[in-house]
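Chemist: Sharing a structure with you now.
The values are calculated or read from the model by the stated rules, or taken from the named source; none is laboratory data. For clarity, every value in this text was computed on a predicted model and none was experimentally measured. Neighbour counts run over all protein chains shown; Cβ positions are idealised from the backbone, glycine included. These area figures cover heavy atoms from the full protein model, side chains too; ligands, DNA and RNA do not enter into them. Shrake-Rupley method; radii C 1.70, N 1.55, O 1.52, S 1.80 Å.
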Amino acid sequence: MPDCSEYYQTEISEGRNKRVIKCKFCSSVILTPSSASFTRLEVRKYICLNLIIFHVTMYEPVIIIYKLPHIRQTKGSESDPETEDIIHFWAVEDMMTFYNVGFSNTVGNTKYLTCADCEAGPIGYHDIPSKMSYVALSRVLHSNSTEKN
Ligand SMILES: [Zn+2]
């Protein structure tokens with residue numbers, strides 16, 4: 001699996017977002033600097049492999065990556081959208097931290113996050129049980145100014 005976290009190093013300061021996070025389509029501010037923490041989402045699960053021939057039990061790590069449907073500028077109602085594996089997220093503990101964000105579909109225990117201004121999304125997801133929100137770094141703009149450009 002390619003590790004592209006280095007690409008984002010310049011956006012991270014003490015584990016948090018250095019710059020303003022904006023919508024890629026309408027430049028609306030989504031998060032202000034230092035309001036989200038960088039998360040490399042990698043849930044490791046161990047599956048048990050019983051190798052009967054050798055009479056040994058091995059544990060094989062399996063990495064689970066969040067599959068987010070492709071971004072679109074209009075609200076989609078596809079039942080089976082194409083997804084993309086995303087591992088780098090800005091984690092936000094409190095929904096009130098967001099400047100500008102909306103919800104679209106609820107899928108299982110998660111709600112997709114969209115830009116509240118232009119409805120582009122999903123830019124990430126909200127995990128209902130933990131109340132944590134995750135914004136995909138690849139789906140937002142990192143900017144020095146809060147001005148619309
Ligand atoms: Zn927008």
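Chemist: I'd like the full set of residues that are buried (at least 17 other Cβ atoms within 10 Å of the Cβ) and among the polar types (S, T, N, Q), limited to region 116-137.
Modeler: Correct list: 133 only.
Chemist: Something else: Could you list, ordered by first residue, the pairs with Cβ atoms under 7 Å in which the first is in region 26-41 and on the phi > 0 side of the Ramachandran plot and the second is open to solvent by less than 20 Å² (accessible area, probe 1.4 Å) and more than 16 Å from the ligand (Cβ to nearest atom), at least 6 apart or interchain?
Modeler: Here the result reads 34/17, each pair linking region 26-41 to a residue that is open to solvent by less than 20 Å² (accessible area, probe 1.4 Å) and more than 16 Å from the ligand (Cβ to nearest atom).
Chemist: Anything in region 88-115 that is touching a residue at least 60 places away in the same chain (Cβ under 8 Å) and open to solvent by less than 70 Å² (accessible area, probe 1.4 Å)? List them, or say none. Spell out the reasoning first.
Modeler: Pass one, region 88-115, residues touching a residue at least 60 places away in the same chain (Cβ under 8 Å): 88, 90, 92, 97-101, 115.
If the condition is that a residue be touching a residue at least 60 places away in the same chain (Cβ under 8 Å) and open to solvent by less than 70 Å² (accessible area, probe 1.4 Å), then 88, 90, 92, 97, 98, 100, 101, 115 are the ones that fit.
Chemist: If the requirement is being away from the ligand (no atom under 14 Å from the Cβ), of a type in the set (Lys, Arg), more than 12 Å from the chain's Cα centre (by Cα) and at pLDDT 90 or above, which of these qualifies: 131, 111? Explain how you work it out, then say what you get.
Modeler: Details: 111 fails: more than 12 Å from the chain's Cα centre (by Cα).
The match here is 131.
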